[in-house]
Amino acid sequence: MDIHTDLTAAQLMTLESERMIYTYKRAPVVLSHGQGVRAWDTEGREYLDFMAGIAVNALGHADPALAQVVADQMGRLIHTSNLYYTIPQLQLAEKLTANSFADRVFFTNSGTEANEAAIKFARKYARKVLGRTDKTQIVCFEHAFHGRTMGSLALTPKDYYQDPFRPLMPDVLVAPFNDMAALDLITDQTCAVFIEPIQGEGGIHSASAEFLAALRQRCDAVDALLVFDEVQCGLGRTGDLWAHTATGVTPDMMTLAKPLAGGLPIGAALATNKVAAAMQPGDHGSTFAGGPLVTAAANHVFDRINDPLFLAHVREVGAYLKERLEEINSPHIAEVRGRGLMLGVEFHGEVAPIVDRGVQAGLLLVGSGKHVLRVIPPLVVTKEECDLFVDRLAGILASL
């Protein structure tokens with residue numbers, strides 16, 4: 001049957017429940033359109049969006065310049081597959097490598113696919129470059145989130161995610177985060193170590209510079225690759241272009257995704273020449289990845305984020321927002337932490353009721369684990385919008 005825009009939100013949600021495989025617990029809201037940091041539902045209610053599509057909508061909703069870039073590219077070339085060269089893909093690869101440690105890029109459609117690529121690159125590097133068929137172990141960390149496909153799922157050590165789908169990819173060891181005891185698990189059998197410089201789903205916990213430096217030294221000692229997952233924390237979210245640069249530690253690979261194309265699906269695995277040398281045509285591929293439409297959008301988004309004034313804005317507003325959150329006088333709050341516009345508010349109780357009440361208060365919110373509210377608004381958010389958010393959040397906490 002046809003679904004018309006004159007249906008109520010309740011009718012639309014009922015129709016979806018009859019047609020969609022139930023894998024998402026959605027808020028009872030049917031979003032219609034947005035502008036900047038605000039979004040509206042089909043009933044006309046306005047929301048302040050402080051989760052940005054889970055750290056994706058870096059430029060906010062319906063950014064006019066981004067919309068124009070996408071419209072222009074739609075009129076020229078949408079898809080070619082990776083059997084042909086396209087200019088937007090090359091331009092994006094040049095920008096990513098010129099502004100990072102990396103020499104080469106492999107494009108994907110998502111963050112989990114970027115991590116899948118990095119897993120394959122690490123295994124192939126050990127086999128082809130080092131001549132080691134036995135060097136297959138991968139070390140990840142407690143509370144990590146690297147994705148939900150079968151390889152990346154094995155690196156996401158949470159029983160709720162993993163148990164229904166066992167057996168998982170073997171040869172994965174889970175180490176304690178920010179704990180030097182982790183070094184003991186990185187051995188001659190290790191081909192790669194995967195870590196988020198700031199854990200997104202794991203509660204907004206930052207890896208210390210000392211810990212990352214120790215990982216770098218240990219990986220070098222056993223000829224393992226160090227992989228930074230910056231799918232959520234990278235591309236301006238912390239106020240630096242990359243989250244890891246503040247630590248002074250450089251990886252062998254880095255994975256990106258969420259904000260790169262401002263809402264269109266794209267991911268990327270960045271690598272040094274020594275890693276890329278292990279790969280040859282046919283080793284990996286993707287039909288849609290790095291297509292001209294999404295890379296045209298990503299070129300525009302990257303240029304905007306990589307502007308020093310834009311990054312300064314993220315640092316300034318992020319610091320202001322953190323101060324305002326710390327000023328909330330509530331017995332429910334245990335700690336406020338994070339950097340830039342990637343903040344976490346930890347509560348003594350569970351965060352789910354706060355997220356639910358946020359909808360009623362005109363806020364779009366998302367948790368990070370059971371006890372942490374993840375505060376990840378569009379990077380274009382203003383101080384005035386932060387004030388409005390803090391006032392509404394304080395009102396919710398007062399009502400608990």
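Based on the Cβ-Cβ distance of Leu388 and Lys25, what FRET efficiency does E = 1/(1 + (r/R0)^6) give at R0 = 25 Å, to the nearest 0.05? Present the calculation step by step, with values, prior to reporting the outcome.
Numbers: r = 26 Å, r/R0 = 1.06.
The formula returns an efficiency of 0.40 here.
So what's the back-of-envelope 222 nm ellipticity for the chain, counting only DSSP H runs of four-plus at -39500 (n - 2.57) apiece and dividing by all residues, rounded to 500?
Helices in the chain give a 222 nm mean residue ellipticity of -10500 deg cm²/dmol.
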| Which of the peptides 49-61, 74-86 is most tightly packed, and how do the rest follow, going by the mean number of other Cβ atoms within 10 Å of each residue? | 49-61, 74-86
| task | Would you grab the residues whose amide H sits under 5 Å from the one on Val366? Only those 5+ places off in sequence or on another chain, please, with H modelled 1.01 Å from N. | result | Arg374
| field | Peptides ranked, highest mean first, by Cβ atoms within 10 Å: ranges 256-263, 21-28 | value | 256-263, 21-28
| request: Excluding Glu327 itself, calculate the net charge of residues whose Cβ lies under 13 Å from the Cβ of Glu327, where each Lys or Arg counts +1 and each Asp or Glu counts -1. | output: -2
| Given Cα pairs under 8 Å that are at least 6 residues apart, what percent is the relative contact order of region 77-305? | 30 percent
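Could you give the C-alpha radius of gyration of region 77-305 expressed as a fraction of 2.2 N^0.38 Å, taking N as the number of residues it contains?
Against the compact-globule rule of thumb, the ratio is 0.96.
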| task | Return the single residue from Pro88, Pro378, Pro176 with maximal mean-square fluctuation; model: Gaussian network over the chain, springs between Cα atoms under 10 Å. | result | Pro176
| remark: In nm, the gap between the two label points placed 7 Å beyond Cα toward Cβ at Ala62 and Asp220 is 5.2 nm
| remark: By the mean-Cβ-within-10 Å protection proxy, highest first, 226-232, 316-322 rank as 226-232, 316-322
| message | Below 23 Å, Cα to Cα, which lysines can Lys124 reach? Residues fewer than 8 away in the same chain don't count. | response | Lys135, Lys274
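Of all DSSP beta bridges in the chain, what percent run antiparallel (nearest 5)? Walk me through the numbers on the way to the answer.
Working: 31 of 48 bridges.
Around 65 percent of the beta bridges assigned by DSSP in the chain are antiparallel ones.
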| Rg/Rg_globular for region 234-316, with Rg_globular taken as 2.2 N^0.38 Å and Rg from C-alpha atoms | 1.23
| said: Along its three principal axes, how long is the chain when you only count alpha carbons? Whole Å, largest extent first please. | reply: 61, 53, 46
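Determine the relative contact order of the chain: mean sequence separation of Cα pairs under 8 Å and six or more apart, normalised by residue count, in whole percent.
Working: 797 pairs, mean separation 87.7, N = 400.
Value for the chain: 22 percent.
Coordinate-derived values only; no laboratory data. These numbers come from a predicted model, not from an experiment. Cβ atoms come from the backbone with ideal geometry, glycine included; neighbour counts cover every protein chain shown.
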